[in-house]
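Working notes for the structure below.
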Amino acid sequence: MAMLQLDRLTKRFGDFTAVKDLSLTVADGEMVALLGESGCGKTTTLRMIAGFSEADEGVVSIDGRVMNSIPAFKRNVGIFFQNYALFPHLTAYDNIAFGLKVQRMDRQVIHTKVAQIIRMVKLEGLEKRYPRELSGGQQQRVALARALVMEPSVMLLDEPLSNLDAKLRVEMQVEIKRIQRVLGITTIIVTHDQEEAISLADRVVVMDKGRIVQVGKPEEVFENPASPFIADFMGFVNFFSGTVESVTEETTGIRCGEHLIEQSSALCADMAAGDSVKLAIRPEKILVSDCGGSSNPLFGRIESTTYKGNITRVEISGVFPEPLFVHSSDFHGSPGDSIGVCLPPEKIRVFKTK
């Protein structure tokens with residue numbers, strides 16, 4: 001196990017700054033996800049850790065040892081490439097053993113290590129198959145085993161599940177997390193998939209335009225986004241604009257068109273009457289109800305419904321200028337019906353816009 005430390009990393013490509021002043025510490029055995037849109041700098045950060053790209057400024061350290069001048073092949077960092085990068089002319093066994101053979105390890109030691117990792121990633125019986133004879137999930141396991149068998153201090157996963165179908169992606173999330181926990185390897189995973197990040201990581205690092213914009217446990221980042229950008233990026237969300245109308249010690253009243261939305265003042269720090277704000281609430285947090293005695297009762301009309309298996313997405317008009325979307329696991333209603341919903345104050349996030 002090893003601690004990874006990034007101190008004020010900056011990387012430029014001509015006039016474009018891909019990563020700017022990025023600092024992050026990853027603890028021994030921790031799995032951290034770098035999450036963001038394409039072009040946000042997460043893969044560039046991964047490449048600087050691996051040694052494939054040199055930082056223009058800043059320091060990469062593993063267990064207190066500065067890595068900047070250390071070539072990639074001497075950093076003891078395991079890399080899992082997005083496209084797996086398996087050798088097509090080698091069997092699964094030989095792909096996994098390749099790095100050990102390059103290091104000229106004893107043949108019996110190689111056999112023992114490869115056999116152990118094959119059992120761990122559940123590839124028994126597939127050792128003699130070539131990549132073309134393996135499914136996508138099996139190829140992924142070979143690539144993962146090839147990186148793990150080297151016993152790296154730090155493991156880097158670059159979009160590891162992007163090439164898999166939805167069902168296999170979920171299965172491999174479980175496997176990657178299980179293997180990482182068993183081995184206790186400090187791990188960085190790069191992904192643009194929010195569900196993947198919050199399912200796998202101990203902490204999520206959200207990046208935008210080369211900078212870190214929020215770091216926290218998955219539930220913290222999902223439930224308490226630091227900005228409208230993060231709220232939107234972390235999943236489907238309703239936004240509506242308003243103006244702070246009143247502030248008391250307990251309650252902040254926010255005028256949104258015809259409606260006065262009540263919010264706990266503890267969740268509206270540093271806001272005063274007259275402030276322009278943006279409110280955000282996730283569809284699954286909205287309650288479908290007759291709203292008798294509930295906070296923030298609203299009434300509208302069902303515009304459309306979309307059955308999505310475990311939930312139904314309901315589009316509601318007539319509440320705000322924008323459509324309001326609700327996700328319900330037990331919904332009964334049809335387009336044209338009237339509907340009542342409630343917005344629990346503790347589930348609303350309020351962001352000052354001016």
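At-a-glance table
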{"read-out": "Residues that are over 23 Å from S264 (Cβ atoms) and modelled with pLDDT of 90 or more, drawn from region 309-326", "value": "I311, T312, R313, V314, E315, I316, S317, G318, P323, F325"}
{"read-out": "Subset of region 151-206 [hydroxyl-bearing (S, T, Y) and in contact with a Gly (Cβ under 8 Å, 6 or more places away or on another chain)]", "value": "T186"}
{"read-out": "Cβ-Cβ under 9 Å pairs, at least 6 apart or on other chains, region 78-105 side more than 20 Å from L134 (Cβ to Cβ) and in a loop (DSSP other than H, G, I, E, B), far side open to solvent by 20 Å² or more (accessible area, probe 1.4 Å) and of a type in the set (A, V, I, L, M, F, W, C)", "value": "Q103/M150"}
{"read-out": "Matching strands (runs of 3 or more DSSP E) fully within region 3-66 where at least 2 residues are free of Cβ contacts under 8 Å to residues at least 12 places away in the same chain and open to solvent by 50 Å² or more (accessible area, probe 1.4 Å)", "value": "none"}
{"read-out": "Within region 313-353, tally of residues that are open to solvent by 30 Å² or more (accessible area, probe 1.4 Å), touching a Pro at 6+ places or on another chain (Cβ under 8 Å) and aromatic (F, W, Y)", "value": "1"}
{"read-out": "Checking I261 against (1) under 30 Å from the mean Cα position of the chain (by Cα); (2) open to solvent by less than 40 Å² (accessible area, probe 1.4 Å), the condition it does not meet", "value": "(1)"}
{"read-out": "Residue pairs meeting the criteria (Cβ under 8 Å; at least 6 apart or on separate chains; first at positive phi, in region 252-273; second open to solvent by 40 Å² or more (accessible area, probe 1.4 Å))", "value": "G257/P321; D270/K352"}
{"read-out": "Qualifying positions in region 159-194 - over 21 Å from Q116 (Cα atoms), under 15 Å from the mean Cα position of the chain (by Cα) and modelled with pLDDT under 90", "value": "E159, P160, L161, S162, R169, V170, H192, D193"}
{"read-out": "Criterion (open to solvent by less than 70 Å² (accessible area, probe 1.4 Å), touching a residue at least 24 places away in the same chain (Cβ under 8 Å) and in contact with a Cys (Cβ under 7 Å, 6 or more places away or on another chain)) met by exactly one of F240, F222, F233", "value": "F240"}
{"read-out": "Of all residues making up region 120-154, the number that are within 10 Å of Y93 (Cα to Cα) and touching a residue at least 40 places away in the same chain (Cβ under 8 Å)", "value": "4"}
{"read-out": "Members of region 69-105 found to be within 30 Å of V19 (Cβ to Cβ) and open to solvent by less than 60 Å² (accessible area, probe 1.4 Å), listed by number", "value": "I70, P71, A72, R75, V77, G78, I79, F80, Y84, A85, L86, G99"}
{"read-out": "Condition check for I286: among the hydrophobic types (A, V, I, L, M, F, W, C), open to solvent by less than 40 Å² (accessible area, probe 1.4 Å), in contact with a Phe, Trp or Tyr (Cβ under 9 Å, 6 or more places away or on another chain) and in contact (Cβ under 8 Å) with a residue 12 or more places away in the chain", "value": "yes"}
{"read-out": "E57, sole failed condition from (1) at pLDDT below 95; (2) of a type in the set (D, E); (3) within 27 Å of the chain's Cα centre (by Cα)", "value": "(1)"}
{"read-out": "Qualifying residue in region 290-300 (condition: surrounded by fewer than 17 Cβ atoms within 10 Å (Cβ to Cβ) and modelled with pLDDT of 90 or more)", "value": "yes"}
{"read-out": "Condition met for I188 (among the hydrophobic types (A, V, I, L, M, F, W, C), open to solvent by less than 20 Å² (accessible area, probe 1.4 Å) and outside any helix (DSSP H, G or I))", "value": "yes"}
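The values are calculated or read from the model by the stated rules, or taken from the named source; none is laboratory data. Keep in mind it's a predicted model, so treat the numbers as computed, not measured. Positions of Cβ are backbone-derived with ideal geometry, glycine not excepted, and every protein chain shown enters the neighbour counts. Areas reflect the complete protein model, heavy atoms only, side chains present, ligands, DNA and RNA absent. Shrake-Rupley method; radii C 1.70, N 1.55, O 1.52, S 1.80 Å.
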